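Single-structure report; data block below.
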Amino acid sequence: MYSKGALFGRWEVQRELPERRKGGRVYLCRCLCGAEKAVPGTYLQSGNSKSCGCLQKELSKSRQTRHGMFGTLEYNAWMSMWARCTNPRHKAFHNYGGRGIRVCSAWKDFSVFYRDVGARPSPRHQLDRENNSRGYTKSNARWALPKANIRNRRNTVLVRHQGTLKPLALAAEIEGLKYATVLYRLRAGWPLSKLFEKVK
């Protein structure tokens, strides 16, 4: 039995369905591109089904492309970016395309995207936007580590610290305090001058 969120190729398990095929379990799965389909568990386990069909189409297309980077970390990040911003069925669409986040038209060509953002520094780096209210463009996109990416979310708490506006988590880290402690003080109404005081 597979739990919600289990990954098989491009499939992400959503839930088990009541139907059975040849006595085996069947799961509702969502493809990375946003398509959903009922997939037998045996197909997931064996690898007979890895996507809704988009993978095969891209493999065929990649044979005709010049960049030769199909399947790389950069290519997958590029594909995911487009899915989030253009596919209403994608699980993250409401946070991206659904709120007006767009991808610059030049980046329909992967080669242009790669030229503008460069190689991914490490597998841990994620495609991020410096200004969270703007779209994916050469001047706004970058590779960032998860910590920096998390600090850049819309719900990030910002405070003025050492003369500049910073995410509360970063300010707490600089001061050697736990984020939870500083956040509690902020919500409790502590003045900014005492927010980062260390209790002796």
So if R0 is 25 Å, what FRET efficiency would residue 126 and residue 179 give, r being the distance between their Cβ atoms, rounded to the nearest 0.05? 0.80
Two pseudo-spin positions, 7 Å from Cα along C-beta at residue 134 and at residue 15, lie apart in nanometres by 4.1 nm
Zone reached by a paramagnetic label modelled 7 Å from residue 197 Cα along Cα→Cβ, restricted to segment 165-179 with backbone N below 14 Å, covers none
Qualifying aspartates and glutamates (Cα of each under 19 Å from Cα of residue 198; at least 8 residues distant if same chain): 173, 175
Could you give the size of the charge dipole of segment 7-54 about its Cα centre, using +1 on the Cβ of each K and R and -1 on the Cβ of each D and E, expressed in debye and rounded to the nearest 20? 120 debye
Once you have the Cα-Cα distance between residue 106 and residue 80, take 0.36 nm times their residue separation minus that, and quote the gain in nm to one decimal. 7.7 nm
Restricting to Cα pairs under 8 Å and 6 or more apart, the percent relative contact order of the chain works out to 10 percent
Between (i) 127; (ii) 177; (iii) 116, the structure-derived volume of the Cα convex hull per residue in Å³ is (ii)
Please build a GNM for the chain, connecting alpha carbons under 10 Å apart, and tell me which residue among 167, 123, 40 fluctuates the most. 123
When each pair of different Cα atoms in segment 68-151 is counted once in the 1/r mean, what is the Kirkwood radius in angstroms, to one decimal? 13.0 Å
Ignoring everything except DSSP H segments at least 4 long, calculate the 222 nm mean residue ellipticity for the chain; use -39,500 (n - 2.57) per segment, divide by total residues, nearest 500. -8500 deg cm²/dmol
Multiply the residue gap between residue 37 and residue 1 by 0.36 nm, knock off their C-alpha separation, and tell me the result in nm, one decimal place. 11.2 nm
Take the residue pairs 4/57; 22/50; 22/108; 138/166 and return only those whose Cα atoms are more than 31 Å apart. 22/108
How big is the charge dipole of the chain about its Cα centre, in debye rounded to the nearest 20, if each Lys and Arg gets +1 on its Cβ and each Asp and Glu gets -1 on its Cβ? 260 debye
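All of the numbers you see were taken from the coordinates with simple rules; none came from a lab. Since the structure is predicted, the reported quantities are computational estimates derived from the model, not experimental observations. No Cβ is skipped: glycine too gets one built from the backbone with ideal geometry, and neighbour counts run over all protein chains shown.
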